[in-house]
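In what follows, a structure is listed as structure tokens, so that the remarks can point back to it.
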Amino acid sequence: DLALVGSFSAPIVKGTVTVKSAIYDRRLDMGSGLFGLVGGGGDKPAEEGPPAAERSLPLGFDVRIVVPSTLRVENNLAQIVASADLSLRGTYERPLLFGRGEVERGRVFFEGRQYIVTYGTIDFVNPTKIEPSLDVRAETRVRAAGQTYDIDLRLSGTLSRLDPQLTSDPPLPPVDILS
């Protein structure tokens, strides 16, 4: 439900988009496991092209995006169902996204193990660029050397500065948890 409002020199796309179904099924390559995931990618160099004055489109956004449990991730790393309530703001040249997505249920496959997602959010709060901030918790049970361990994995931060935390019950040093 969208409308184009405003003047000819400053049009704005306004309204609500309700996502009825969305799936992300692209295979992801983890490279070097946990260390590849948290290594950070840094910012990509700016794309070259015509000067800003030649490519500028004076289009603004005021769009609410509602995802009522209709977003699915189904790939080699995860099977997740999520919902979100987001706002697309900014301009065509500098779009901005605000709001939160929440994992409702899911499984993550990491280092040959299946983890059950117990909590997951993705927040968009950066007022200068689209930069998701993650907070995901998952757990699995591992049997090793006659002992059963409950392993908890937590990932938090932005994609360029992701902070992984591994804990176990009974307690183990992080190196033993990884092995």
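First select every other residue whose beta carbon is under 9 angstrom from the beta carbon of residue 123; then total the charges, Lys and Arg +1, Asp and Glu -1. Mind dumping the intermediate values first?
Working: positive: 100; negative: 135.
Around residue 123, the charge tally is 0.
Give me the percent relative contact order of the chain, please, defined on Cα pairs under 8 angstrom at least 6 residues apart. Before the final figure, lay out each step's value.
Working: 391 pairs, mean separation 27.5, N = 179.
Here the relative contact order equals 15 percent.
Based on DSSP, what percent of beta bridges with both residues in the chain are antiparallel, to the nearest 5? It would help to have the intermediate numbers written out before the result.
Details: 66 of 76 bridges.
For the chain, the DSSP antiparallel bridge percentage is about 85.
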Under the helix-only model (-39500 (n - 2.57) for each DSSP H run of 4 or more, divided by the residues of the chain), the mean residue ellipticity at 222 nm, to 500 deg cm²/dmol, is -1500 deg cm²/dmol
When every protein chain stays in place and a 1.4 Å probe is rolled, 103, 142 sorted by accessible area with the largest first are 103, 142
Once all protein chains are kept in place, residue 29 shows an accessible area at probe 1.4 Å, nearest 10 Å², of 140
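Give me the accessible area per residue for the stretch 66-168, probe 1.4 Å, as a whole number in Å².
Working: 5790 Å² over 103 residues.
Per residue, the stretch 66-168 has 56 Å² of solvent-accessible surface.
Expressed as a rounded percentage, what relative contact order does the stretch 67-140 have, with Cα pairs under 8 Å and six or more residues apart? Kindly include the intermediate steps, with their values, before the conclusion.
Numbers: 169 pairs, mean separation 17.8, N = 74.
Dividing the mean separation by the residue count of the stretch 67-140 yields 24 percent.
At R0 = 22 Å, how high is the FRET efficiency between residue 29 and residue 158 if r is their beta carbon distance? Nearest 0.05 is fine. Walk me through the numbers before you get to the answer.
On the way: r = 20 Å, r/R0 = 0.91.
Working from the Cβ atoms, E equals 0.65.
Pop out the carbon and sulfur fraction of the accessible area of the chain as a percent, whole number, probe 1.4 Å. Each step should come with its number before you reach the end.
On the way: 6480 of 11900 Å².
The computed percentage sits at 54.
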With all protein chains in place and a 1.4 Å probe, residue 102 shows an accessible area in Å² (nearest 10) of 90
Counting only protein heavy atoms and leaving out ligands, DNA and RNA, the solvent-accessible surface of residue 24 at a 1.4 Å probe, in Å² to the nearest 10, equals 90
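The values are calculated or read from the model by the stated rules, or taken from the named source; none is laboratory data. Remember, predicted model here, so these are calculated numbers, not experimental data. Virtual Cβ from ideal backbone geometry, glycine too; neighbours counted across all protein chains shown. Protein only, heavy atoms only, side chains kept; ligands, DNA and RNA dropped before computing areas. Shrake-Rupley method; radii C 1.70, N 1.55, O 1.52, S 1.80 Å.
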